[in-house]
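Notes for the one structure printed next.
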Number of protein chains: 2
Amino acid sequence: MSEAARLMEAAIRLSRRGLGRTAPNPNVGCLVVKDGIVIARGWTQPGGRPHAEAVALEAADEAARGAELYVSLEPCAHVSARGPACADLIIASGVSAVHIAVLDPDPRTAGQGAARLRDAGVSVSVSEGEAAARAAMAGFFSRMERGRPRITLKLATSIDGRVSMPGGESQWITGPEARAHVHLERALADVIVVGRGTLEADDPSLDVRLPGLEDRSPRPAVLSATLDAIPGAAKFAARDPLLLASVDDLCGLAVNDVFVEGGPATASTLLAADLVDRMLVYRAPIVLGDGAPGVGRLGLERLADAHGRWRLAETRTFGNDRLEVYARTR
Amino acid sequence: MSEAARLMEAAIRLSRRGLGRTAPNPNVGCLVVKDGIVIARGWTQPGGRPHAEAVALEAADEAARGAELYVSLEPCAHVSARGPACADLIIASGVSAVHIAVLDPDPRTAGQGAARLRDAGVSVSVSEGEAAARAAMAGFFSRMERGRPRITLKLATSIDGRVSMPGGESQWITGPEARAHVHLERALADVIVVGRGTLEADDPSLDVRLPGLEDRSPRPAVLSATLDAIPGAAKFAARDPLLLASVDDLCGLAVNDVFVEGGPATASTLLAADLVDRMLVYRAPIVLGDGAPGVGRLGLERLADAHGRWRLAETRTFGNDRLEVYARTR
Ligand SMILES: NC(=O)c1ccc[n+]([C@@H]2O[C@H](COP(=O)([O-])OP(=O)(O)OC[C@H]3O[C@@H](n4cnc5c(N)ncnc54)[C@H](OP(=O)(O)O)[C@@H]3O)[C@@H](O)[C@H]2O)c1
Ligand SMILES: NC(=O)c1ccc[n+]([C@@H]2O[C@H](COP(=O)([O-])OP(=O)(O)OC[C@H]3O[C@@H](n4cnc5c(N)ncnc54)[C@H](OP(=O)(O)O)[C@@H]3O)[C@@H](O)[C@H]2O)c1
């Protein structure tokens with residue numbers, strides 16, 4: 001792996017620190033490198049500003065002159081009320097070269113950031129790390145390219161696909177290690193969604209209860225066509241919850257990452273509409289038999305229609321449980 | 001690992017060659033070793049005779065004199081109409097030392113084989129490899145210690161635990177690689193069982209269709225309390241199929257390994273009775289929604305009752321599918 005590829009990889013890894021907190025902006029990562037040494041780093045700050053480049057250049061200060069910049073996404077070309085265009089900041093900083101992992105799909109930038117830099121005499125390369133950068137900013141790319149957030153569906157299930165006992169008991173299917181990992185995944189999302197059924201059955205908190213990450217709880221949302229308002233008794237009522245009357249409302253959210261924790265009706269409605277991009281299946285080594293299934297009617301006609309949609313991308317062990325990460329194939 | 005442990009491991013591995021073909025006898029493996037060199041090998045032959053020791057000693061012939069024998073199970077002490085006691089054969093062969101992985105639980109031998117050898121001046125050690133030998137002869141030990149065969153349940157299922165479409169379509173959930181592995185597992189069982197529902201829905205062949213292993217098809221059996229006879233139209237009718245009127249009939253089979261391929265009613269009845277020792281879950285990366293569940297009513301009262309019974313012992317990848325092997329914990 002070349003030095004440039006290694007540095008870009010580090011910038012992309014840095015970009016992940018913003019996951020779940022930068023919407024509607026992308027979560028970008030940036031390094032300032034001089035004489036082969038990383039002299040400053042930046043990533044998009046909570047709320048989406050300042051941008052990664054602004055943070056890194058501010059930290060580098062005068063040392064940026066003549067340095068090279070590695071950034072996971074094309075620097076923006078548009079001035080906004082909330083801050084200057086990063087392309088202009090970079091030009092003013094005296095940076096001599098900018099390495100970009102992937103061009104910005106946002107039409108307000110889309111190649112114009114790179115062009116403005118080149119016009120000002122800054123050397124620009126777009127070469128290393130496109131796939132990794134897209135993966136790290138998958139929610140943002142989903143919104144730009146498909147007009148909706150990336151949707152992750154989480155299921156905590158038995159070997160036989162059940163998510164609760166026949167009587168409704170569902171705490172707990174999986175053990176504490178798996179549940180802690182769910183909280184980590186929540187922290188990486190902008191919005192967490194449950195259906196009204198789960199709200200009523202489980203009275204969930206929908207927060208992140210991991211030491212040091214308590215402030216990273218995503219915004220709670222409830223999917224319901226019948227509720228008029230989120231009940232004030234909900235545990236998350238103080239966290240400005242959203243009421244989503246339909247899947248369209250969910251898809252219209254101006255955020256990058258939506259984390260759906262069920263229940264079955266919500267899972268089926270999203271799966272049937274082919275709106276799930278990633279499934280996190282936490283599987284406990286138990287057999288429940290006739291409990292509630294994790295997924296309901298999908299309306300598939302033939303078995304062949306079910307094939308080819310999913311790829312087992314990763315598995316991990318958490319205590320006695322196993323996480324299966326499925327990624328959509330198309 | 002000591003030389004003795006390594007040799008015993010090889011003897012145990014050899015024992016697996018007899019799996020599915022030696023019942024009601026155990027599948028034993030045996031090495032004859034002289035001056036650190038393996039001069040002969042044997043494993044229990046189809047039908048259970050000759051025994052592993054007899055095969056190995058016959059191959060070693062005069063060279064056995066002064067050699068050491070590694071055998072996965074205590075040599076038998078009982079003369080039968082079908083052959084001499086292995087302990088006597090060993091004494092006659094002039095072997096100087098016998099290494100045994102595990103004593104025979106069969107009351108007709110149970111320590112008497114080792115005693116007879118010692119009485120005749122043969123050095124006997126029972127030390128290395130007990131756990132591995134028990135695992136390799138798990139079916140035989142199940143029958144001796146619990147009075148029933150080892151029962152393996154196979155499920156071919158979706159992410160959400162479905163084994164067929166709502167309309168019944170179930171060919172195929174998993175791909176050709178996983179299905180080939182099922183045939184390999186069939187070859188290691190003495191008897192293969194389906195419920196009447198599966199017989200009628202799928203008209204299965206219940207044979208081993210792997211090149212070179214066609215003669216290793218287990219004996220077919222159908223579980224049904226209502227059938228009077230196996231229908232002559234069944235694809236396996238010519239292979240002397242068994243009709244099992246109850247789970248007791250199944251447990252009473254004088255064989256080591258029973259392989260159960262479903263369907264759901266049969267799976268539940270065995271799981272509810274806590275009679276399944278091993279589950280092979282071939283999981284396809286598909287979501288089916290409201291198809292038929294792989295397991296039906298188990299009658300569990302509380303979620304806690306479902307926990308602690310299973311351990312994920314192994315996972316393997318077959319094409320797009322994944323095999324999860326669950327072992328009972330108690
Ligand atoms: N183990 C796990 O991973 C897990 C996770 C969550 C829940 N659960 C269990 O699942 C059970 C709840 O199941 P459920 O199926 O009733 O729950 P659910 O999906 O949480 O809620 C169903 C409700 O969500 C709303 N909804 C779903 N799709 C919609 C759409 N397209 N547009 C508008 N609203 C929509 C509807 O609310 P309206 O009727 O108000 O329109 C619907 O009645 C509980 O027992 C819970 O414990 C298990
Ligand atoms: N994907 C897979 O791994 C897989 C594997 C197999 C089958 N399947 C599917 O499963 C479906 C068939 O389901 P099913 O539940 O009807 O099938 P099943 O379990 O094959 O058959 C049920 C029948 O087995 C007999 N039985 C079960 N437990 C018994 C007991 N304790 N004592 C005596 N007899 C007992 C009963 O027969 P009597 O009524 O005659 O007493 C019962 O009606 C088919 O659609 C098939 O394609 C899928």
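Please pick out the residue among A:Ala273, A:Ala189 that is free of Cβ contacts under 8 Å to residues at least 60 places away in the same chain and closer than 29 Å to A:Arg146 by Cα.
Just a single option satisfies the conditions, and that option is A:Ala273.
Yes or no: A:Leu14 of a type outside the set (Val, Ile, Thr), open to solvent by less than 60 Å² (accessible area, probe 1.4 Å), outside the structural domain of A:Pro218 (by TED's automatic domain parsing) and in a loop (DSSP other than H, G, I, E, B)?
So A:Leu14 does not fit the description; no.
Before we move on, is A:Arg179 open to solvent by 40 Å² or more (accessible area, probe 1.4 Å), away from chain B (no Cβ under 13 Å) and under 30 Å from B:Ser268 (Cα atoms)?
So A:Arg179 passes the test.
Anything in region A:165-199 that is modelled with pLDDT under 95 and out of contact with any helix residue (DSSP H, G or I) (no Cβ under 8 Å at 6 or more places or on another chain)? List them, or say none.
A:Pro166, A:Gly167, listed by residue number.
Looking at B:Leu271, B:Leu323, can you tell me which residue is more than 9 Å from every other protein chain (Cβ to nearest Cβ) and under 26 Å from B:Pro218 (Cβ atoms)?
The match here is B:Leu323.
Exactly one condition in (1) near ligand 1 (Cβ under 9 Å from one of its atoms); (2) out of contact with any Gly (no Cβ under 6 Å at 6 or more places or on another chain) is not met by A:Val276; state its number.
(1)
Restricting attention to region A:280-299, and to residues there that are more than 7 Å from chain B (Cβ to nearest Cβ) and touching a residue at least 40 places away in the same chain (Cβ under 8 Å), which single residue is farthest from the chain's Cα centre (by Cα)?
A:Gly291
Would you be able to tell me the number of residues in region A:191-203 that are touching a strand residue (DSSP E or B) at 6+ places or on another chain (Cβ under 9 Å) and open to solvent by 20 Å² or more (accessible area, probe 1.4 Å)?
So the count comes out to 4.
Would you confirm, using the coordinates I've provided, whether B:Val124 is open to solvent by less than 70 Å² (accessible area, probe 1.4 Å) and either in contact with a Pro (Cβ under 9 Å, 6 or more places away or on another chain) or within 13 Å of chain A (Cβ to nearest Cβ) (or both)?
no
Taking the conditions exactly as written (within 16 Å of ligand 1 (Cβ to nearest atom), open to solvent by less than 70 Å² (accessible area, probe 1.4 Å) and β-branched (Val, Ile, Thr)), does B:Ile173 satisfy them or not?
Considered against the rule, which asks whether it is within 16 Å of ligand 1 (Cβ to nearest atom), open to solvent by less than 70 Å² (accessible area, probe 1.4 Å) and β-branched (Val, Ile, Thr), B:Ile173 comes out as no.
Being among the β-branched types (Val, Ile, Thr) and within 12 Å of ligand 1 (Cβ to nearest atom) is the filter; apply it to region A:185-237 and report the residue that is nearest to the other protein chains (Cβ to nearest Cβ).
Checked region A:185-237; the qualifying residue nearest to the other protein chains (Cβ to nearest Cβ) is A:Thr198.
Restricting attention to region A:9-67, which residues are of a type in the set (Lys, Arg) and closer than 20 Å to A:Leu188 by Cα?
A:Arg13, A:Arg16, A:Arg17, A:Arg21, A:Arg49 - these are the residues of region A:9-67 that are of a type in the set (Lys, Arg) and closer than 20 Å to A:Leu188 by Cα.
Restricting attention to region A:92-107, report how many residues are in contact (Cβ under 8 Å) with a residue 12 or more places away in the chain and open to solvent by 60 Å² or more (accessible area, probe 1.4 Å).
Going through region A:92-107 one residue at a time, the tally reaches 1.
Of the numbered conditions (1) open to solvent by 30 Å² or more (accessible area, probe 1.4 Å); (2) within 16 Å of ligand 2 (Cβ to nearest atom); (3) small (Gly, Ala, Ser), B:Ser158 satisfies every one except a single condition; which is it?
So the condition that B:Ser158 fails would be (1).
If you scan region B:175-198, which residues turn out to be over 24 Å from B:Pro26 (Cα atoms) and either in contact with a Pro (Cβ under 8 Å, 6 or more places away or on another chain) or of a type outside the set (A, V, I, L, M, F, W, C) (or both)?
If the condition is that a residue be over 24 Å from B:Pro26 (Cα atoms) and either in contact with a Pro (Cβ under 8 Å, 6 or more places away or on another chain) or of a type outside the set (A, V, I, L, M, F, W, C) (or both), then B:Gly175, B:Pro176, B:Glu177, B:Arg179, B:Val194, B:Gly195, B:Arg196, B:Gly197, B:Thr198 are the ones that fit.
Restricting to region A:34-78, name every residue that is open to solvent by 10 Å² or more (accessible area, probe 1.4 Å) and part of a strand (DSSP E or B).
If the condition is that a residue be open to solvent by 10 Å² or more (accessible area, probe 1.4 Å) and part of a strand (DSSP E or B), then A:Lys34, A:Ile37, A:Val38, A:Ile39, A:Arg41, A:Trp43, A:Glu68, A:Tyr70 are the ones that fit.
The values are calculated or read from the model by the stated rules, or taken from the named source; none is laboratory data. Keep in mind that what you see is a predicted model, and the values were worked out from it rather than measured. Reconstructed Cβ throughout: ideal geometry from the backbone, glycine too, with neighbour counts over all protein chains shown. Please note that ligands, DNA and RNA were not included when accessible areas were found on the heavy atoms of the full protein model with its side chains. Shrake-Rupley method; radii C 1.70, N 1.55, O 1.52, S 1.80 Å.
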